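Let me begin by presenting the structure, written as C-alpha cells, before commenting on it.
The values are calculated or read from the model by the stated rules, or taken from the named source; none is laboratory data. On a predicted model such as this, the values are computed, not experimentally measured, just so you know. Note: ideal-geometry Cβ built from the backbone for every residue, glycine included; neighbour counts use all protein chains shown. Heads up: the accessible areas ignore ligands, DNA and RNA and are worked out on the full protein's heavy atoms, side chains in. Shrake-Rupley method; radii C 1.70, N 1.55, O 1.52, S 1.80 Å.
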Amino acid sequence: MAISRRELITGAAAGAGGLVIGGVTGGLIGSSGEDGDGGGGGASTGLGGQADAVAKERNLAPEDVTRALKTFVPPGEQADEFFLFASGGHSGQILVIGVPSMRLLKVIAVFSPEPWQGYGVGADNDVILREGTNSSATPTSAARSPLTWGDTHHPALSETGGEYDGRWIYINDRANGRIGMVDLRDFKTKQLVDVPNLDSSHGGVFVTPNSEYVHISTMTPTLVDPTKAATALENFKTAFRGYSSFLAIDQANGKIDLAKSFQVELPPYTQDLADSGKLASDGWVFINSYNSEMATGGNMTGGKPLEVGASANDFDYLHIINWKKAEQVAASKSRMQNGMRVIPLDVAVSEGILYLAPEPKSPHGVDVAPNGVYLSVGGKLDPHVTIYSIDKIKAAIDAKDYEKMDEFGVPVLKLDSVVAGRVEVGLGPLHTQYDAEGHGYISLFLDSAVAKFTLGEPYFKGDEAFKLVDKLPVHYNIGHLVTMEGDTVKPAGKYLVALNKWSIDRFPVVGTLKPQNFQLVDLTGETMQILSDMPIGIGEPHYTQGIRADRIKAWEVYPVGTSPLTMARDSHAIDKGGEKVERNGTTVEVWGSVTRSQFKPDQIQAKKGDKVILHLTNIETTPDATHGFSIPRYNVNVSLDPGEAVTIEFTADAVGAFAYYCTEFCSALHLEMQGWLLVS
Ligand code: RUQ
Ligand code: CUA
C-alpha cells in the first residue's frame, strides 16, 4: 500500500488500509496540513551562504529549517526548557525527555528490572520490587511470586498550590492495580504499593493540589470476595465494586502511608480517567466511567460481545466526589477492608460525598481547566467535547436537581443543569490539555488530529466562547497529548506533544513491531505547527506531564555512603581505608570500596553454601564517576553512582572462580577494574 504523506494528511486516501482519517474539514485543516509537511525542498532558507547549501543538499524546505532552528540544541548546551515525564507503558518504566529537543534523557526503572541502573538484579533495592507485590494487599494476590513487570500509564508530578514542585512523581501499573513513587532528587523509585482492593487501574491517577493525596481508582471493578469467582459474573452488580483511593503522602519523603489513606466505594461501573479539582473546584475530584451497562461479555455462550454490551447506552456517568468531606467521614464512618479504611457506598451517598452526572457515550478523558471552573469530557463515540462547570455542579447539588437515582441509590444530576458548553471537535475525542489563555487542546483518536477550542468566561465571552478555533492533523491515531504544565493552575503552554499510537510510515522499517510517535507541536503561532517526530522504541507511553526544567533540583552525586533506599548514610557504608572482610561461621561479610580503578578487596574467598554479604561504597565525589559491579553467573549487576552505598547478598552455590568486574567504562584502567570471587 503506497500512500504519500500528503495524501494521508489531506484525507485523499481516507479508509485505505483501515486507517481512519475522516472529518478533515475547512480551510483550517488544509493550511495546517500544508504547513505540517512543508513544501518542496531546496528553496532558499534566507540564511544565505553555507546554510542555503546544506538545506539544498538535504532537500529541506524553508519551514524545515525554521523547525530545526526552533528545536536544535547546540552540542554541549542544555537548552531544553521543559522535561516530559512519560509513562513507558508495558516496559514498566518512566521516560524522561527534553523539550524542545525531544531527546530521551533517562529511563527510570519503576516496575521492571533495569540492569544498567542496578535495579532488581541483586542489589538491596530488590526489596522495592518484592514489597510491590504485597501478598496480603488483596486476597487475590495471596502467595504470588514477585511481579517483574508493570504497565505504567499515568504519571502524576507532586504539586504545591496546584503547580508542579519537582519533588516526587507517582505512576500506576495498569495491569496490577499498583502505584510507584519516584524521588526526583535522584530519579529513583523508592516505593511500590500494591493498593488494597484494587486489581487494576487506568487513568485515575493524580495528586491533589498540595500533594495531600495521590489518587488511584479501579478500572475494571474488583471482585469483593475472590472465593466467589465462579459465579461472579452472574451476580455482577453485588459481587463487584469500584474504589476511589486517596493514598496519603508523607510530606517528609513522598512515600505513601496506607494507615492514613482511605477509599470511597463506588458502583461497579468501569471507572476510567480522573482529575483533581483545583482553585474553584478544590476539594472535589472527578472520575469518568464507561460500561455503566455493566456488561460482562459471553461471546462464546450466546451473550453480547463485551464491547457491544459496554457501549449500548447513550450516557455513562461522571463521578463527582467531595474528598474533603470524605476525609472527615473516613475518620468515623469507614470500615476496614484488607487493611484500608473504606467509606461504604451508602454512607458516601447519605453524607453527600458522591454524585453522578450523565456524560456522553463511552467517555474517556476528564480534565479540569487551570481556573478549576471547567471540566472537559471527551466521549469516544460522540464528536463533541462536553464542558461542565463546577459552579453549576455545586448549584445543582445544593438544589438537589436530580434526574434520578442510579441502581445503587446514587443521585444523578440533570445534564442540562451542569453543562456549560459543547463544542463539535471531530471524531474520537479523548483528552484535553490547556494553555493560560483559556484554550483547550483535545486529542481526536479517530480523526488523527488535535482540536483547539475556547472555554467560556472569564476567558472568552459571547460568540467567542466554546468555539473550535484550529485543528492539526497528527500521525497517527493520537491518544494523550500534553501541553507544558498544562494540567496545573498555571500552564506554560508554548509546546504540545501528541502521543500517537500508530506511526505507520513515519520511521524507517525496524521490523514488525513499530515505535510509537511523539510529535512536538509549536503553540506560539497563529495556527498549531508540527516541529518534529520522535520515535518511542520502548513500550507504549500513555499519559505524560511536561514540567519546567528549572523546577527539578536533582542531585549530581550522593554524599559518600548514601543508601538510595533511605537517602541517608548507610550503616554499612565505609570511607577510604575502612575496607574489611569478616568471617562468621558460614557467613562471609565484606565491607568494600569502589573507586577508579579498583575494587577493594579484589579477592574474596568463600566456601560452597556460604552466605556472602557485600557492602560496597563508591567513595567517589566526581559527577558521573559511576561504577558497576557484576558477578558472572550469579545474576548480579548493581550500579554504584558516585557516593552510593549498596548491599548485595547471595548464597555461594556455584563453585569456581568468578571474575567480578565493573560494568561502566569509567577510566583508562576500566578493564583492569575487576576482582575474583573464589568459591571452593
Ligand atoms: S488513557 S489514550 Cu490509557 Cu490515559 Cu487515554
Ligand atoms: Cu569502574 Cu569501570
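Using only alpha carbon pairs under 8 Å that are at least six residues apart, calculate the relative contact order of the chain and give it in whole percent.
10 percent
At 10 °C and 1.306 mPa s, what whole-number value in µm²/s does Stokes-Einstein give for the translational diffusion of segment 358-414, with Rh from the Kirkwood sum over Cα pairs?
My calculation gives 128 µm²/s for D.
Rounded to the nearest whole Å³, what is the per residue volume of the convex hull around the Cα atoms of the chain?
Each residue corresponds to 186 Å³ of Cα convex hull volume.
Can you compute the modelled spin-label distance between Ala53 and Lys260, with each label point 7 Å from Cα toward Cβ, in nm?
6.6 nm
Can you sort Arg596, Arg174 by 1.4 Å-probe accessible area, starting with the largest?
So the residues, ranked largest to smallest area, are Arg596, Arg174.
Would you mind telling me the share, in percent, of accessible area of the chain contributed by carbon and sulfur at probe 1.4 angstrom?
After summing per-atom areas, the C and S share lands at 53 percent.
For Glu424 and Lys70 in one chain, what is 0.36 nm times their gap in residues minus the Cα-Cα distance, to one decimal in nm?
That pair, Glu424 and Lys70, stretches by 124.2 nm at full extension.
Could you check the simple spin-label distance between Lys324 and Asp602, using points 7 Å along Cα→Cβ, in nm with one decimal?
6.5 nm
Taking the convex hull of the Cα atoms, report for segment 263-350 its projected area averaged over all directions, in nm².
Directional mean of the projected Cα hull area for segment 263-350 stands at 7.7 nm².
Using a Debye calculation, one point per C-alpha and no hydration shell, please list log10 I(q)/I(0) for segment 309-465 at q = 0.10, 0.20 Å⁻¹ in order.
Each listed q corresponds, in turn, to -0.41, -1.22.
Based on the Kirkwood radius over alpha-carbon pairs, what is the Stokes-Einstein translational diffusion coefficient of segment 62-124 at 10 °C with 1.306 mPa s viscosity, in µm²/s?
The Stokes-Einstein estimate is 117 µm²/s.
Take every DSSP beta bridge whose two residues both sit in segment 562-679, then give the antiparallel share in percent to the nearest 5.
70 percent
Over the C-alpha atoms of segment 365-453, what are the Rg and the largest Cα-to-Cα span, Dmax, in Å?
Cα radius of gyration and Dmax of segment 365-453 are 14.1, 41 Å respectively.
Quote to one decimal, in nm, the extra length available between Leu671 and Asp346 on full extension: 0.36 nm per residue of separation minus the C-alpha distance between them.
So the chain would gain 110.3 nm between Leu671 and Asp346.
Please quote Rg/Rh for segment 43-156 to two decimal places, taking the Kirkwood radius as Rh and restricting both calculations to Cα atoms.
Expressed as Rg/Rh, it is 1.25.
Which order do Met336, Met405, Met181, Met300 take by accessible area at a 1.4 Å probe, largest first?
Per-residue accessible area, sorted high to low, gives Met300, Met336, Met405, Met181.
Suppose only helical runs count, i.e. DSSP H with n ≥ 4. What mean residue ellipticity at 222 nm does that imply for the chain under -39500 (n - 2.57) per run, divided by all residues and rounded to the nearest 500 deg cm²/dmol?
-3000 deg cm²/dmol
Excluding same-chain residues fewer than 8 positions from Lys228, which lysines have a Cα within less than 28 Å of its Cα?
Lys237, Lys304, Lys333
If you rank Leu455, Leu105 by how much accessible surface each has, with a 1.4 Å probe, what is the order from largest down?
Leu105, Leu455
For a quick check of understanding: with a 1.4 angstrom probe and all protein chains in place, what accessible area in square angstrom does Lys260 have, to the nearest ten?
Here the accessible area works out near 130 Å².
Would you please classify the overall shape of segment 446-537 from the alpha carbon gyration tensor, given that a ≥ b ≥ c denote the square roots of the eigenvalues, rounded means a/c under 1.5, and beyond that prolate means a/b larger than b/c while oblate covers the rest?
Here segment 446-537 falls in the prolate category.
Per residue, how big is the convex hull of segment 562-679 when only Cα atoms are used? Give it in Å³.
In segment 562-679, the Cα hull volume divided by residue count equals 95 Å³.
Cross-link list Lys278/Lys553; Lys70/Lys452; Lys260/Lys325; Lys325/Lys404: which exceed 18 angstrom alpha carbon to alpha carbon?
Exceeds cut-off: Lys278/Lys553; Lys70/Lys452; Lys325/Lys404.
Taking the Cβ of Pro383 as the center, what net charge do the other residues with Cβ under 13 Å away carry, scoring Lys and Arg +1 and Asp and Glu -1?
+1
Sequence gap of 8 or more, or different chains, plus Cα separation below 20 Å: how many lysine pairs satisfy both in segment 562-679?
Qualifying lysine pairs in segment 562-679: 5.
How many Å² of accessible area per residue for the chain, probe 1.4 Å?
Per residue, the chain has 40 Å² of solvent-accessible surface.
What shape does segment 628-670 have by the C-alpha gyration tensor, where a ≥ b ≥ c are the square roots of the eigenvalues, rounded means a/c under 1.5, and otherwise prolate means a/b greater than b/c and oblate the rest?
Oblate is the answer for segment 628-670, as a/c is 1.5 or above yet b/c matches or exceeds a/b.
Modelled label-to-label distance, Ala312 and Val127, 7 Å Cα→beta-carbon offset: nm?
About 5.2 nm, to one decimal.
Using a Förster distance of 25 angstrom, determine the FRET efficiency expected from the C-beta separation of Asp398 and Glu457, and round it to 0.05.
0.75
Arrange the peptides 485-496, 508-519 so that the one whose residues have, on average, the most other Cβ atoms within 10 Å appears first.
Result, highest mean first: 485-496, 508-519.
What FRET efficiency do you get for Thr621 and Ala549 if R0 is 22 Å and r is their Cβ-Cβ distance, rounded to the nearest 0.05?
0.35
Listed highest first by mean packing, meaning other Cβ atoms within 10 Å per residue, what order do 345-355, 637-647, 312-322 come in?
Result, highest mean Cβ count within 10 Å first: 637-647, 312-322, 345-355.
Stretched out fully, how many nm does the piece from Glu526 to Leu233 gain, at 0.36 nm a residue minus the Cα gap?
The Glu526-Leu233 span can extend by a further 100.2 nm.
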